Amino acid sequence: MTVHIRMDDRVEADRLEDMAQGVVGKPLDRPDGARKASGTAAYAMDSLPDGACFGVLARATIAAGRLEGVDAAAVEALPGVRAVIVDERMLRNPAQGMAGKAPVQDPHEIAYFGQPVALVVAESFEQARHGAIALVLRLEARAGAVVGPDDAGVEIETPEKKQQSSGDLDAAMREAVFGVDQTYTTPVHASAAMEPHASIAQWDEDRLTLRGSYQMLRFNRAELADALGIDEKNVRILAPFVGGGFGSKLGIAPEAVAAAIAAQRLGVPVAVPMSRQQVFEGVMRRSETTQRIRLAAGADGRLTGIGHEALVSNLPGEKFSEPVTQATPFLYRGENRVIGHRIARVNRTCAGSVRAPGEAVGVTMLEIAMDELAAAAGIDPVELRLRNIPDEDPTQQIPFSSHKLAEALRSGADRFGWDRRRTEPGQVRDGEWLVGMGMASAVRVNMLVEAKARVSLSSDGHALVETDMTDIGTGTYAILTQIAAEMLGLPMDRVETRLGDTDLPPGSGSGGSFGAASNGTAVFMACEEIRRMICERFGCEAHDLTLKDGRAIAGNRSVPLAEILGGEDLVAEGHAEPGDAEDKVRQATYGSYFAEVGVNAVTGETRVRRMLGVFAAGRILNAKTARSQCLGGMTFGIGMALTEEIFHDPRDGHIVNRDFAEYHLPVNADVPQIDVVLLEERDAWANPLQAKGIGELGICGAAAAVVNAIHNATGVRVRDLPATLDKVLEGLERQGG
Amino acid sequence: MRTDLTVNGQSRTIEADPRTTLLDALRHHLKLTGTKKGCDHGQCGACTVIAGGRRINSCLSLACMHDGDEVVTIEGLGTPETLSALQEAFVRHDGFQCGFCTPGQICSATAMLEELQAGWPSHVTADVASAPALTVEEVSERMSGNLCRCSAYPNIVDAIMEIAGRGRA
């Protein structure tokens, strides 16, 4: 029995509030925690079948052109090498998130430096790696490849439906008492999930089983089937544990298709792990952005106009482009508005989703611009934002579903000791360190995506939750278990959640912060149906039933579930879908960031000393895992602010710093003991759980708090991220001179 | 070529290509897949194991260099049913999200606490001649060879501080 909900309107009741088990929202340990801490959680490469061969991808070393052929015979003669494979079904780059079909295929057409073009398969990893290095590719470079968004001859698209304008921003800028008109840039970023992409393919006649590291299995299954030209029914993907994703594993990637082709050809299981360097080159990057931001304000700091125009890039033919301005239309007031979006077509590693596509870079730069406006107007940065919170979505003129920005700003300022901040930059010195505070707003759109889940209540009073949803570190195992335990009145250890297997009902997949709400709603709906079946058997009305600790209680009766079930198992499937609610109200999550930095007056080095995030994301399903998500997002923000930057060689576009020695993620010592506060909120428009996504909110503006703190510490305004010491030092020297 | 070593207290023999790293020997030959490969270049720390009592990046070491050595991996520290105090603390403090870097973090932390105990100074030790104190700053610095993109760093530090404060790992 499937029960369905389509979110067309706000939900009437807060059903979880009626439940008695008391586990939802609690900071419970992850049920999968012991497996992770003991190394027994099985990631993609951890279940190698006996007799498996290894495949290593070989990559193109030109920016654009053709692969005319490979010298296969020489490599096939090497010890242990079983095959050199060049197959037209191989992928140019990973599929974009939720594509559900194959991306561009055929390794003969090369579109970027690093594109995987061949697979060398051998009996051992060492032999395959040697073969891939030894493989000579006959490459025909195409003249005139364009590798940078600012290069001569670059083709720039200006898609009409991505431009918006209302009122007269130019006039608003002319009439503004205070204004900002600046251009900001962010570099290319890497997701850099700790588990590199890897796939193990195994065929049983015409059925393919793939163990992979993927975020969205129902889409990945369709993409893999489409790439191979086979029926989806013949593809099973397993990803019970995923070593991080951050967008990089949304779509099926080259190693999966190559592994499947090789395993079929050789008749043995084939494992294809990508090296870290291949992940940097052959998986998704976040596009660099150039953002012109205009703010027009009156004497009181109230905005009369906002302009946000972005230039991003991607490979020819890719539909995705970094949605830089996603939150700009509704974050602040202002009747005169311009939104611009241009896409440069370049021969560089494919651009795709990296944690919070859009807001991560767009809100960050908007929040630096707001800091500039605050400084220009002589208004406190917190107060400036408070004055500009709109009463409704100013672009669509629809109400907000719920809105906690003001509370997040006030609460954050209070907790952080914002009143101790000196307005004038460069006033606080601690030895050779200049100390300053900065803040920023956080905002991220909230989404619901179709999801199904099955819940089975066994006659002995244990429950099983099943969906192909993934847990990429997000806490899915924990929160789905908690929702089922709450709804069915069971202790946590009597509920098991199985994920990451396309044989199970299709969930939403992990992406866009919609996993918990979407799949949680599906589990909730299935549990509601089981509760209805229990009521039938127990002979009570739904509102009279209490389930707690494995007992059903109604009126003065209290009976163990097992007794009511009488040897029968109850099974239900929940199905959640988005609906008209999306158009009736603006749904988003909000928060605030506060940071204190020390900037070394001699070297220009910045160290984050303290950081606080205050967030509202509807009902928090697990206070421990939600907090961890926020810590992670804010740390991404520290990386964005200070160290993370991919360098493309201007000659051929190749990624120069394609490893962790040169692409600098924040390390433990770069991150202070960050504080996170989660505000109480319910959003009845979001879903019956009244919960919203929190996985990305922590990065959506975080870097701005750090960069604004650098300004407060030094008076140096960095508009080109990351704020590396050379840029800060140059600013300090300019001031000194 | 043949390499004899002791892994988690058991004598093991592997017959492997001389190019095989200690990491791949553990994972592919001994099926000890708790140790993870995050970069294969000694840049992330996911492959950290304890060899001869010291934490090392097992990807930077060839298996054949460890003939006769004693190696401890995450599997040797505790099972899901018998977690070490530090492993338990990682669960309690949510010292991970995706869990991929976790075995390396825990092996690293286990050996790190012994280094601290033995008085090894670090970059942040003000006076290298005196015994380093157990501080957030010291722990954070000493754990900086283990990357965590989920960024559980504050929780990792909390977990370690709790156990170190109790004086047992």
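Data for the structure
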quantity: Peptide ranges A:618-626, A:393-401, A:376-384 listed from the most packed, as the mean C-beta count within 10 angstrom indicates; calculated: A:618-626, A:376-384, A:393-401
quantity: Taking N as its residue count, the alpha carbon Rg of the range B:2-77 over 2.2 N^0.38 Å; calculated: 0.94
quantity: Relative contact order (%) - the range B:60-169, alpha-carbon pairs under 8 angstrom, separation at least six; calculated: 35 percent
quantity: Shape box of the range B:85-166 [Cα atoms, principal axes, largest first, Å]; calculated: 39, 25, 17
quantity: Label-point separation in nm, A:Arg207 to A:Ala661, each point 7 Å along Cα→Cβ; calculated: 4.6 nm
quantity: Sites A:Asp168 and A:Ile389 - FRET efficiency at Förster radius 25 Å, r taken between beta-carbons, to 0.05; calculated: 0.60
quantity: The range A:46-77-the range A:337-397 distance, computed between alpha-carbon centres (Å); calculated: 43 Å
quantity: 5 angstrom amide H check on B:Thr21, placed H, neighbours 5+ away; calculated: B:Ala63
quantity: Helical contribution to [θ] at 222 nm, DSSP H n ≥ 4, -39,500 (n - 2.57), averaged over the protein assembly as shown, rounded to 500; calculated: -8000 deg cm²/dmol
quantity: Trypsin sites (Lys or Arg not before Pro) lying in DSSP loop within the range A:89-198, provided at most 16 other Cβ fall within 10 Å; calculated: A:Arg89, A:Lys101, A:Arg142
quantity: Per-selection Kirkwood Rh - the range A:373-519 (Cα, Å, 1 d.p.); calculated: 19.5 Å
quantity: Net lengthening on full extension, A:Lys319/A:Glu17 (0.36 nm per residue, minus Cα-Cα); calculated: 104.5 nm
quantity: Summed side-chain charge close to A:Ala369 - residues other than A:Ala369 whose Cβ falls under 11 Å, Lys, Arg +1, Asp, Glu -1; calculated: 0
quantity: Calculated diffusion of the range A:579-713, Stokes-Einstein form, Kirkwood radius summed over Cα pairs, 37 °C and 0.692 mPa s, µm²/s; calculated: 197 µm²/s
quantity: GNM flexibility winner over chain B from B:Gly34, B:Gly119, B:Gly104 (Cα, springs under 10 Å); calculated: B:Gly119
quantity: Contact order normalised by residue count of the range A:609-737, Cα under 8 Å, 6+ apart, percent; calculated: 39 percent
quantity: Chain A: DSSP helices with Cα axial extent of at least 15 Å and average Kyte-Doolittle hydropathy no lower than -1.0; calculated: A:217-228, A:254-266, A:359-377, A:405-416, A:476-488, A:515-538, A:623-642, A:702-714, A:725-736
quantity: Loop-located GluC sites (Glu not before Pro) in the range A:506-551, at most 11 other Cβ atoms within 10 Å (DSSP); calculated: A:Glu541
quantity: Full-extension gain in nm, A:Arg138 to A:Lys101, via 0.36 nm per residue minus C-alpha separation; calculated: 10.4 nm
quantity: Largest-first principal axis extents, alpha carbons of chain A, Å; calculated: 80, 80, 51
quantity: Trypsin sites (Lys or Arg not before Pro) restricted to the range A:413-504 and DSSP loop, no more than 15 other C-beta within 10 Å; calculated: A:Arg422
quantity: FRET efficiency estimate (nearest 0.05) - Cβ-Cβ, A:Thr158 to A:Arg410, R0 60 angstrom; calculated: 0.90
quantity: Cβ neighbours within 10 Å from other chains - mean over B:35-47; calculated: 6
quantity: Rule-of-thumb Rg ratio for the range A:143-215 [Cα; 2.2 N^0.38 Å; N residues]; calculated: 2.12
quantity: Ellipsoid semi-axes in whole angstrom, largest first, where each is sqrt(5λ) of the Cα gyration tensor of the range A:193-235; calculated: 19, 12, 7
quantity: Calculated P(r) tail over 17 Å for the range B:1-43, as whole % of Cα pairs; calculated: 30 percent
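Read-outs: derived from the displayed coordinates by stated rules, not from any lab. Just so you know, these numbers come straight off a predicted model, no measurement behind them. Backbone-built Cβ (ideal geometry, glycine too); neighbour counts: all protein chains shown.
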